[in-house]
Amino acid sequence: MQKELPDPSPLDDIQRELEPLVAEPGKAAILLDLDGTLAPIVPRPEDVTVPPPVLRLIRTLTHSYLVVAIVSGRSANAARRIVGNAELAYIGNHGLETMIPGHSIVVSEEVQPYLAAMGELADRISLEARTEAGVWLEDKTTTLSYHYRRAPDRDAALDFIREKIIPEAERLGLKVSNGRMVVEIRPPVEINKGVSVGRLLDRLSARRAIYAGDDTTDIDAFKELRQRRRRKGNVMINVGVISPEMPKTLPRYCDLMVARTSGVESLLQILAGEEP
């Protein structure tokens, strides 16, 4: 049975919601998830690319808005390599890393005590996972992502993760979370996309912001913006990206919905003052 998907928001509604940001771009932050939002999901994460029209729009927005930040589950370096723009801010590894233009990556201090355990888990399980179960490890140092999208038998691969990887991660005191065809291992610290987005907005004294995302980890950022919206004078807009793999709970945290990366492109065109 095919999952019923929400309808995209009407164009008029999107334009009306974005009007306060477009009117004063120098006071507004644009916060964008990468995979599934700016770039289509692909079987091999290393093959992901951002469409050229989207890259052009991001460059345009960077020159007029307070900040454009990529908020990704990938490392900050990997996200910057994919987007190819050093003028952006990058929040990587679900908030554990932050890179501001002109500065090097800052890894949250809370993470440091767990880096040895992350390395131990990566060394112990990675070869066995790849050869026996078709699970691919993306080692991002501060997080580990075990992908099973391209495994010959996804159910068997997920069973392998549950039986071999998750118990070992828990033994080492690490935190386990589920994403889209991926199980992620992180340090057990209370840092996520929402926490790091909040820190960035505070650093910039930003009272206007928009966040676009499509996956479970983006909900933390949606919650952060929704909480900030309660403060007088703040304009905070959450945009969900519709796809067949979208978490069914995601729309309840969103003010607007757009369809796939093509809808995100239209969103960016409106923010840039262009006709979508």
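Laboratory data are not the source of any read-out in this text; all were calculated from the coordinates shown. What you see is a predicted model; the values in this text were computed from it and never measured. No Cβ is skipped: glycine too gets one built from the backbone with ideal geometry, and neighbour counts run over all protein chains shown.
Quick look at the values:
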read-out: Calculated [θ] (222 nm, deg cm²/dmol) that DSSP helices of n ≥ 4 give over the chain, each run adding -39,500 (n - 2.57); value: -10000 deg cm²/dmol
read-out: Cα lying deepest toward the dipole's positive end in region 111-186, options Gly173, Thr142, Leu121, charges on Cβ; value: Thr142
read-out: Prolate/oblate/rounded label for the chain (Cα gyration tensor, a/c 1.5); value: prolate
read-out: Cα centre as origin, Lys/Arg/Asp/Glu Cβ charges: the chain dipole, Debye; value: 720
read-out: Three-way shape call for region 1-157 based on the alpha-carbon gyration tensor, with the a/c threshold at 1.5; value: oblate
read-out: Residues whose placed amide H lies under 5 Å from that of Lys175, excluding near-sequence neighbours; value: Arg186
read-out: 3J(HN,Hα) from dihedral phi, region 88-99, Karplus parametrisation 6.51/-1.76/1.60, rounded to Hz, x for glycine, proline; value: 8, 8, 10, 10, x, 6, 6, x, 6, 10, 9, 10
read-out: Percentage relative contact order, region 111-186, counting C-alpha pairs under 8 Å, at least six apart; value: 29
read-out: Label-point separation, Arg162 to Lys175 (7 Å along Cα→Cβ), nm; value: 2.3
read-out: For region 135-276: relative contact order, % (alpha-carbon pairs under 8 angstrom, 6 or more apart); value: 15
read-out: Sequence-distant residues sharing a close amide H with Ile237 (under 5 Å, placed H); value: Ala209, Ile210, Tyr211
read-out: Segment Ala23-Val42, extension gain: residue separation times 0.36 nm, minus the distance between their alpha carbons; value: 3.3 nm
read-out: Rounded Å value of the spacing that divides the Cα centres of region 54-91 and region 201-276; value: 16
read-out: Dipole axis of the chain (+1 Lys, Arg; -1 Asp, Glu on Cβ), positive-most option in Leu5, Leu31, Val183; value: Leu31
read-out: Contact order normalised by residue count of the chain, Cα under 8 Å, 6+ apart, percent; value: 22
read-out: Interchain or long-range residues, amide H under 5 Å from Asp35's placed H; value: Gly73
read-out: Phi-based couplings in Hz for region 112-120 (Karplus 6.51, -1.76, 1.60; Gly and Pro marked x); value: 3, x, 9, 5, 5, 5, 4, x, 4
read-out: J(HN,Hα) series, region 50-63, from Karplus relation 6.51 cos²θ - 1.76 cosθ + 1.60, nearest Hz, glycine and proline x; value: 8, x, x, x, 5, 4, 4, 5, 4, 4, 4, 5, 4, 7
read-out: Overall form of region 143-276 per C-alpha gyration tensor (a/c, 1.5; a/b vs b/c); value: oblate
